[in-house]
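Asker: So that we are looking at the same thing, I have put the structure below in C-alpha cells.
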Amino acid sequence: MTTPDNWQKSSFSGSGDGNNCVELASTPTTIHLRESDIPTTQLTTTPTPLANLLRSIRSGALAAPLT
C-alpha cells in the first residue's frame with residue numbers, strides 16, 4: 001500500500017499542530033483516514049462507502065439507541 005503525502009487535518013480539530021485530530025488523505029482510488037497521534041495506523045476505503053457512511057450519520061440512521 002502506498003502511503004499518501006497529502007494529509008489534511010479535520011476542520012473540527014482546531015488550529016495548530018496538535019496531535020489530537022483526524023486526518024484524511026487521498027490517492028487516485030483510495031481514501032485514507034488516521035488519528036494524528038497514531039499516524040502509522042490507517043483505515044482505507046473508497047469514496048462510495050465513505051459517502052454512504054457520512055450520509056447515514058447525517059440522516060440519523062446510525063444514531064445510538066436510547067437506553
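The values are calculated or read from the model by the stated rules, or taken from the named source; none is laboratory data. On a predicted model such as this, the values are computed, not experimentally measured, just so you know. Here Cβ is always computed from backbone atoms with ideal geometry, including for glycine, and neighbour counts include all displayed protein chains. When the accessible area is computed, the model is the full protein with side chains, heavy atoms only, and any ligands, DNA or RNA have been set aside. Shrake-Rupley method; radii C 1.70, N 1.55, O 1.52, S 1.80 Å.
Asker: Looking only at residues in the stretch 26-41 that are under 15 Å from residue 10 (Cα atoms) and among the polar types (S, T, N, Q), which one is most open to solvent (accessible area, probe 1.4 Å)?
Answerer: The selected residue is 26.
Asker: Taking the stretch 58-67 only, how many residues are open to solvent by 80 Å² or more (accessible area, probe 1.4 Å) and modelled with pLDDT of 85 or more?
Answerer: 2
Asker: Mind checking which residues of the stretch 42-57 are surrounded by 10 or more Cβ atoms within 10 Å (Cβ to Cβ) and in a helix (DSSP H, G or I)?
Answerer: Result: 47, 49, 50, 51, 52, 53, 54, 55, 56, 57.
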